[in-house]
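Visitor: Okay, handing you the structure first.
Please treat every number below as a calculation from the coordinates, not as lab data. Note that the coordinates shown come from a computational prediction; the quantities given were computed from them, not determined experimentally.
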């Protein structure tokens, strides 16, 4: 098994009340079907799901191993890209087209999911010593070309 490969573990929505509540507020049933697991980059793996009762969204559950980062990604298309913390400690950094950066530390007292707009750049970073898990909800469902992969930087989003 490579550093990114791991056996698929079905998502247990009962463990993720915040995600369940977020979906309910959008009228989306939390019933999902596993599609695939894809390696993203060193130490980052993504499980992809589709909703049984809705074609409006899809769901990714991403695991970032301790001290690792997702690639810098610019959102190119889509009506909604929602990033939400599930477990572990880390930071989501979002950079607006005007260069203004906002860093969201997790866990947080009020871990509200973050909407990332078209044109913004995002990156998750897991703290050292702890694996980070987050969800990504895409509307419409993800297709190639939704994100521009800008590589993995050493810090922040730039």
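Visitor: Can you give the Rg/Rh ratio of the range 44-125, where Rg is from the C-alpha atoms and Rh is the Kirkwood radius?
Guide: 0.96
Visitor: Hey, what did the chain get for relative contact order, percent, Cα under 8 Å, at least 6 apart?
Guide: 26 percent
Visitor: From the P(r) of the range 13-149, could you give the percentage of C-alpha pairs in the tail past 17 Å?
Guide: 57 percent
Visitor: Just check the range 39-89 against the gyration tensor rule for me: Cα atoms, a ≥ b ≥ c as the square roots of the eigenvalues, rounded for a/c under 1.5, and otherwise prolate or oblate depending on whether a/b exceeds b/c.
Guide: Cα axes put the range 39-89 in the prolate bin.
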